[in-house]
Amino acid sequence: MAVLFLMLCGTAVIILGYFSYYFTRGHFVHGTEAIIDTDLSYVSQWQDPIRIASALDRPDRVYLLLSPDGKKIVGNLDELPETVSLLAEGTLTFSIPVASEANSPDTEKDYAAKIYTYPNKNRLLIGVDITPVTSDYKLMQWLSFLSIGFMVLVIITSYLISRFVATNTNRIALTAKQIIETGDLSQRIELTSRWDDLSYMAGVINDLLDRIQLLMRGIRQVSDNIAHDLRTPLTRLHHNLEDLRSQDHIAQNQQAYETVDKLVNETDQMQRTFNALLRISRIESGKQHSAFEPLELGELLQDVIELYEPLLEEKSITLKKDFETLVLQGDRNLLFQAFGNLMDNAVKFTPTGGRIDLGLHKQGTETVFVIEDNGPGVPSTDLEKIFERFYRAESSRHTPGSGLGLSLVGAVTDLHKGHISAENGEKGLRLTIRFS
Amino acid sequence: MRILYVEDDQEVLNYISNGLKQEGHNLDTADNGKDGLFLATTENYDVIIVDRMLPELDGLTIIRTLRGTDNHTPVLILSALGEVDDRVKGLRSGGDDYLVKPFAFAELLARIEVLGKRNGPQGNQQETRLTAQDLEVDLLSRKVKRGGEAIELQSREFRLLEYLLKHKGQVVTRTMLLENVWDYHFDPQTNVIDVHISRLRGKVDKDFDVSLIKTIRGAGYIIEDNP
């Protein structure tokens, strides 16, 4: 960006400089030439040196009429100036020292001149005093150089500023990105100075991060407290019920035993839901990667299939799988849980004699996992919601389950930098996970 | 078995202590880390149960200190933090098993029995042949026979049976089976383990009068040597 800015500014300055130079110079040259040409147009008609002299003998003119052999016929110059330079095509310019005027001995006058050759081979030089014009021109030139220099200064400064802005915003963005990716809220943007607006912004963002970290810690604290304060009495309830169930007078009474057993299972279910909920929020907020290791996803999926095989057989479900050998950095237990939940869902919603398709492929840089059942699918309005906590499809309200299975899958997918999406395929629900 | 239980929640401590005593275990308790470590280093236990979060000294420090002094008593860690990272941390610091609160007493009991046996005399030698009543399993040739008749098992069924037989006479819970036979720590949403067991039963018990694999209500499964 800085380079682009530099190039744009540079081009603008060059164009501007060229135009101002071209126009002032052109104007000046043309003006002078016009004066000389006017003089020449008169003088060239006359052959008589006296007449020429009387016409040209003015303070702002120099003239010199030379015979073909180079002798002076008439003129206020004694000879042709030694050093001349070319002002434009056919126009010369030279300087002549001015006969000393009391206090400024060294002044020179600049003249622009043309030489006209008469038919009789006499040559006439007419010069116009251009001292005021050249001094103007020099001033103009000086100003142009000054402005170009100034512009260059501006360009360099703006390049430095834009580079400074770019590095600093990039640094802020990089820190933010790292925080998003690692979930490590203890990272802060490094402050290199205190005086500029960007450092001020970085400081504000750091304060914001402090605040978020504090809040996150608070949330974790609260959920830990909930975990502790609610789990402990729940555990006691569970223990006491188990204890009751094992007592002789209950164990011998079929009806009482069944009631207590049901209560034990209810508390068990409560604990499971509770644990699942806590686990999801832990996975979502924690971003723990310490258990990550390279995993062959196909093997892991094979283990999942193997675990669910008896359930598939019970419902005579045909399983079709198509796996490539792909390695992913991941937490094997969490991934097993996620794929297990997906498989569990698929088995639950696929009718007897149905089929489930599993696919694992590499698409570009992404690892894509697809599971498709031929169950009833999900109403298209609900497709977005199925990863929300406690979502239950209308049709599955009365089947067992907590409504947390897919939320957990979503959390695990997020942890592995994946993205899960749901759609109704040709047969049933199709879930796709893309790991980048 | 001689068990040390270090726990700061008085009610859980009482409940578990009573339960373990009823099961005939000899129990010492401590309600803080310092006392726990003192008992663990001065006395000889078969199994130590420690809570992770303890006053004075936390559970993991106790384990590390024990292991540092070459004490290899099996340790079961109890924790209210049910995270995978915590489990990994716990096991890395030298714990032998990890149980997340809340847990069923039966689960704790089953795990303690297994841990206690591990340190016992026959736990260290490698057996190549496992038996229970008229069932024989050869771990080398991977052949299973019952009453002289060969039984064909799939590899996972074989490993299920092997695990049950290795812990013959001990209750094995569903979670223990998942962790040891499948080698994954996760929470199945359905009774998928029961289905595996019933398939195994279909092969091992179906044509015989005596059922070897018994279900223990509210706990898990067991294979016993005596009918």
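The values are calculated or read from the model by the stated rules, or taken from the named source; none is laboratory data. Bear in mind that the values here come from a model prediction, so they are computed numbers and not experimental data. When we count neighbours, we look across all protein chains shown, and the Cβ atoms used for this are built from the backbone with ideal geometry, even at glycine. Note: areas computed on protein heavy atoms with side chains; ligands, DNA, RNA excluded. Shrake-Rupley method; radii C 1.70, N 1.55, O 1.52, S 1.80 Å.
Taking chain A as a Gaussian network, where each spring joins two C-alpha atoms under 10 Å apart, which residue of A:ASP248, A:ASP382, A:ASP322 fluctuates the most?
In this elastic network of chain A, the residue with the biggest mean-square fluctuation among A:ASP248, A:ASP382, A:ASP322 is A:ASP248.
What ³J(HN,Hα) values, in whole Hz, does the Karplus curve 6.51 cos²θ - 1.76 cosθ + 1.60 give for the range A:64-73 when θ = phi - 60°, with x put for Gly and Pro?
7, 9, 10, 6, x, 8, x, 8, 6, 8
How large is ³J(HN,Hα), in whole Hz, for each residue of the range B:133-148 in order, when computed from phi with the Karplus curve 6.51 cos²θ - 1.76 cosθ + 1.60 and θ = phi - 60°, using x for Gly and Pro?
6, 8, 9, 10, 10, 9, 6, 7, 8, 6, 9, 10, 10, 10, x, x
Using a 7 Å offset from Cα along Cα-Cβ at A:ILE35, what residues in the range A:50-73 end up with backbone N under 20 Å from the label point?
Taking a point 7 Å out along Cα→Cβ of A:ILE35, the residues of the range A:50-73 whose backbone N falls under 20 Å are A:52-65.
Taking amide hydrogens as modeled 1.01 Å from N in the peptide plane, which residues meet the under 5 Å criterion relative to A:ARG355, leaving out close sequence neighbours?
A:THR318, A:ASN374
With every protein chain kept in the model, how would you rank B:GLU224, A:GLU89 by accessible area, 1.4 Å probe, largest at the top? Intermediate results must be reported in sequence, preceding the final value.
Values: B:GLU224 75, A:GLU89 165 Å².
Reading off the accessible areas and sorting them downward yields A:GLU89, B:GLU224.
With every protein chain left in place and a probe of 1.4 Å, what is the accessible surface of A:THR11, to the nearest 10 Å²?
80 Å²
Contour minus end-to-end for A:GLN187 and A:GLN363, with contour as 0.36 nm per residue of separation and end-to-end as the Cα-Cα distance?
Length gained, A:GLN187 through A:GLN363: 60.0 nm.
In chain A, which whole DSSP H runs stretch at least 27 Å along their own axis (Cα) and average -0.5 or higher on the Kyte-Doolittle scale? Write down the numbers at each step before the final one.
Working: long enough: A:2-43 (61 Å, 1.00); A:131-182 (75 Å, 0.70); A:197-246 (71 Å, -0.29); A:254-286 (46 Å, -0.73).
Taking the DSSP H segments of chain A (at least 27 Å long, mean hydropathy at least -0.5), we get A:2-43, A:131-182, A:197-246.
Tell me which DSSP H helices of chain B clear both cut-offs, 15 Å or more of axial length from alpha-carbon atoms and a mean Kyte-Doolittle hydropathy of at least -0.5. List each step's numbers first, then the result.
Details: long enough: B:10-22 (18 Å, -0.58); B:105-118 (20 Å, 0.44); B:155-166 (16 Å, -0.33); B:192-204 (18 Å, 0.35).
Sorted by number, the helices that extend far enough and score high enough are B:105-118, B:155-166, B:192-204.
Which whole-number value in Å³ per residue fits the convex hull of the alpha carbons of chain B?
Hull volume normalised by residue count: 132 Å³.
Please average, across the residues of A:328-334, the number of beta carbons from any other chain that are within 10 Å of each residue's own beta carbon, and give a whole number.
3
Quick one: in the protein assembly as shown, what % of C-alpha pairs are over 36 Å apart? If you can, show how the numbers build up before the last one.
Numbers: 134327 of 219453 pairs.
More than 36 Å apart: 61 percent of the Cα pairs in the protein assembly as shown.
When you look at the Cβ of every residue in A:336-347, what mean number of other chain Cβ atoms sits within 10 Å?
Partner Cβ neighbours, averaged per residue: 3.
At a probe of 1.4 Å, how much accessible area disappears from chains A and B on forming the pair, both sides counted, to the nearest 100 Å²? Provide the component values of the computation, followed by the final result.
Working: alone 26740 and 12290 Å², together 35320 Å².
Its buried surface, counting both partners, is about 3700 Å².
Which of B:GLY90, B:GLY33, B:GLY202 moves most in a GNM of chain B, Cα contacts under 10 Å?
Looking only at B:GLY90, B:GLY33, B:GLY202, the biggest GNM fluctuation is shown by B:GLY202.
Can you give the accessible area of A:ASP303, probe radius 1.4 Å, in Å² rounded to 10?
Near enough 40 Å² of accessible area.
Once amide H atoms are built 1.01 Å from N in the peptide plane, which residues 5 or more positions from A:LEU87, or in another chain, come under 5 Å H to H?
The answer is A:LEU92, A:THR93.
Simple spin-label model, 7 Å along Cα-to-Cβ: A:ASP210 to B:GLU224 in nm?
6.7 nm
How much solvent-accessible surface does A:TRP142 expose, in Å² to the nearest 10, with a 1.4 Å probe and all protein chains in place?
Solvent-accessible area, nearest 10 Å²: 150 Å².
Quick query: amide H of B:ILE216 versus all other amide H atoms, modeled in the peptide plane; which residues come in under 5 Å with a sequence gap of 5 or more or a different chain?
Residues meeting the amide H criterion: B:TYR221, B:ILE222.
Translational diffusion coefficient of the range A:6-125 at 37 °C, 0.692 mPa s, Stokes-Einstein with Kirkwood Rh over Cα pairs, in µm²/s as a whole number.
Diffusion coefficient, whole number: 198 µm²/s.
For chain A, what does -39500 (n - 2.57) per DSSP helix run (n ≥ 4), summed and divided by total residues, give at 222 nm, in deg cm²/dmol to the nearest 500?
Value at 222 nm, helices only, nearest 500: -19500 deg cm²/dmol.
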